[in-house]
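Here is the structure we will look at.
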Amino acid sequence: MNRITEVKIRFIYLLFLIFVLIFVVASSMRYYDKLGFYEEKFEVLQSGWQRVLPDGSKKRLFSTGESVPEKELLIERQLPQDVPYALTSLFIRTVHQDITVWIDGRVVYEFKYADIPPFNSKIPPISWVRIPVQKDQLGKMIRIELTGRGRTAENTLGGIYFGEDVSIICAILWKNALQILAAFCLMFLGIGMWVEYILVDKKKGDERGAYYTGVSLFFMGLWLGCQIDARQLIFNNILLLWNLEYLSLIMIPIPALLFINKVEKGLCQRELFLLSFLIFICDTLIIFSAGVGIFSFAELNLPIDLLGLITAIEVLRSFYMVWKKISTSLGS
């Protein structure tokens with residue numbers, strides 16, 4: 001009588017997975033009524049725009065080739081006349097810019113960023129603007145003024161959606177699906193590392209760097225999640241998320257260095273501890289400066305990136321020292 005072994009079960013399970021894959025592919029190829037919300041009942045208004053120059057003259061804009069950043073951009077075009085959608089809205093992506101929108105010569109939306117300390121950013125965050133468009137406004141002239149940080153016309157025209165709300169929101173979420181998934185995976189991995197440390201390593205007294213790995217992964221995921229273009233569709237406080245983007249980036253280097261110290265078993269401990277202490281001082285000054293309104297996180301972007309670069313260089317140097325020690329021991 002043949003025995004049931006683990007190898008046989010694994011083989012049968014593999015065959016079952018192949019069957020499931022064939023079933024999924026065949027099901028996806030079958031015609032069916034699309035009942036989801038992502039029906040593409042929208043269009044990206046990339047063509048038909050004109051730039052209004054300071055002297056009042058107009059220049060036609062194209063969605064490609066307009067790669068010169070402009071701090072002040074005034075554009076206009078005619079809204080679509082015949083729209084096969086029940087409800088229509090205009091979604092405009094602003095990148096650190098104030099915005100004013102006119103339809104048929106009347107201001108329908110205006111946003112001027114108010115710099116309110118503490119914990120201010122001093123410049124507008126990246127955000128989406130939603131403007132409902134009434135039926136009597138279809139076919140009318142729309143004019144958009146964007147002021148603030150320089151942005152190319154090519155990027156601006158690629159972030160103007162016109163159509164049904166739900167369809168546009170689904171499109172933005174789908175465009176960011178991979179980044180959303182990656183952010184949640186990193187955060188859940190980090191939490192899993194913490195659980196392993198609390199339930200396993202800490203009780204055994206055998207800490208292998210799981211705690212520091214978990215902290216690093218969690219803040220990497222938080223940093224990635226705060227950069228998601230669709231974050232405004234989930235959270236209201238965009239300024240908080242923008243600050244969290246920088247805070248999470250600040251929180252990564254020290255646990256990363258302590259994790260490397262665990263892996264190397266203290267080979268470069270003196271240098272790693274010294275660098276961690278210096279980063280702690282710099283992080284304290286950066287957070288204090290942003291908190292009291294001296295400098296915003298956006299203005300301190302360069303030193304924050306520099307700390308990350310120094311951390312990466314030290315990690316590579318530490319690995320080189322380990323490799324050098326192993327090579328020397330093998331050679332002798």
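The values are calculated or read from the model by the stated rules, or taken from the named source; none is laboratory data. Because the structure is predicted, anything quoted here is derived from the model rather than measured. We place every Cβ from the backbone using ideal geometry, glycine too, and count neighbours over all the protein chains shown. These area figures cover heavy atoms from the full protein model, side chains too; ligands, DNA and RNA do not enter into them. Shrake-Rupley method; radii C 1.70, N 1.55, O 1.52, S 1.80 Å.
Numbers at a glance
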{"item": "Between region 166-190 and region 261-319, the Cα center-to-center distance that results, in Å", "result": "29 Å"}
{"item": "Surface accessible to a 1.4 Å probe, per residue, for the residues of the chain, Å²", "result": "63 Å²"}
{"item": "Reachable aspartates and glutamates from residue 204, criterion Cα separation under 19 angstrom, eight or more residues apart if same chain", "result": "196"}
{"item": "Principal-axis tilt of helix 165-175 within the chain, Cα atoms, nearest 10 degrees", "result": "40 degrees"}
{"item": "Binned Cα-Cα distances of the chain, short to long, each 10 Å bin given as a whole percent", "result": "5, 17, 22, 20, 17, 12, 5, 1, 0, 0"}
{"item": "Surface accessible to a 1.4 Å probe, residue 212 within the full protein complex, Å²", "result": "50 Å²"}
{"item": "Spread of Cα-to-Cα distances over 5 Å intervals beginning at zero, given as percent, for region 171-276", "result": "2, 13, 17, 19, 16, 13, 9, 6, 3, 1, 0"}
{"item": "Eligible aspartates and glutamates near residue 71 by straight Cα distance, threshold 14 Å, same-chain separation 8 or greater", "result": "98, 145, 154"}
{"item": "Student exercise, the chain dipole from Lys, Arg, Asp, Glu Cβ charges, in Debye to nearest 20", "result": "920 debye"}
